[in-house]
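Reviewing the structure listed below.
The values are calculated or read from the model by the stated rules, or taken from the named source; none is laboratory data. The structure displayed is predicted, hence computed values, not measured ones. In this analysis, Cβ positions are derived from the backbone assuming ideal geometry, glycine residues included, and neighbour counts consider all displayed protein chains. Ligands, DNA and RNA are excluded from the accessible area calculation, which covers all protein heavy atoms including side chains. Shrake-Rupley method; radii C 1.70, N 1.55, O 1.52, S 1.80 Å.
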Amino acid sequence: MLDRIDHVGIACRDLDATIAFYESVFDLRVFSREVVQEQGVREAMLAVSQAPGGASWIQLLEPLHADTPVGKFLARRGEGIHHIGYGVSDIAGELARIAGQGVRLIDARPRHGSMGASVAFLHPADLGGVLTELVQVPRA
Ligand code: CO
């Protein structure tokens, strides 16, 4: 089952400018920055909540090249919400359960995500157009 909203992924063209915007408008702070070559993005995680049940984040995503999933998203839809990430405690079990509901998996097996998490994406075409990510955070 889904535990919580872990993060909202937002596609942007200029990561530094977008970070500055979120810092000034919402008074959020960058907790982590990474370049994820495998996904073709440069990203920043801004902490919204550090609640004991699990933190929640805004994930800002800038494509490394036009020919990446986020680069193609920007060309097609422009800047804006790219995906929703839900926290789960058993990502492999959730993938099997959700696949059993007829939802196609982009990632049949979890892969490495931000800040040491295991993540997997589900196909937006089977979820009302919403690209959806499952996130299992490493145990503290
Ligand atoms: Co994400």
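Descriptive notes on the structure:
- Cα-Cα P(r), the chain, percent of pairs per 5 Å interval: 2, 10, 19, 24, 20, 15, 7, 2, 0
- Helices assigned as whole DSSP H runs in the chain whose Cα atoms extend at least 27 Å along their own long axis and whose mean Kyte-Doolittle hydropathy is 1.6 or higher are not found.
- Summary of packing: across the peptides 93-103, 41-51, 113-123, the per-residue average of other C-beta atoms within 10 Å ranks them, highest first, as 113-123, 41-51, 93-103.
- Heavy-atom accessible area per residue - region 1-63, 1.4 Å, Å²: 53 Å²
- Å² per residue, accessible surface of region 88-135 at 1.4 Å: 49 Å²
- Contact order for the chain, expressed relative to its length and based on alpha carbon pairs under 8 Å spaced 6+ residues apart, stands at 24 percent.
- Within the chain, helix-based [θ] at 222 nm, where runs of 4 or more DSSP H residues each add -39,500 (n - 2.57), nearest 500: -6500 deg cm²/dmol
- Pairwise FRET efficiency - A75 versus S32, Cβ, R0 = 25 Å, nearest 0.05: 0.40
- Accessible-area composition of region 42-131, carbon plus sulfur, in percent [1.4 Å probe]: 54 percent
- Zone residues, region 73-99, relative to S49, backbone N less than 18 Å from point 7 Å out along Cα-to-Cβ: 84-89
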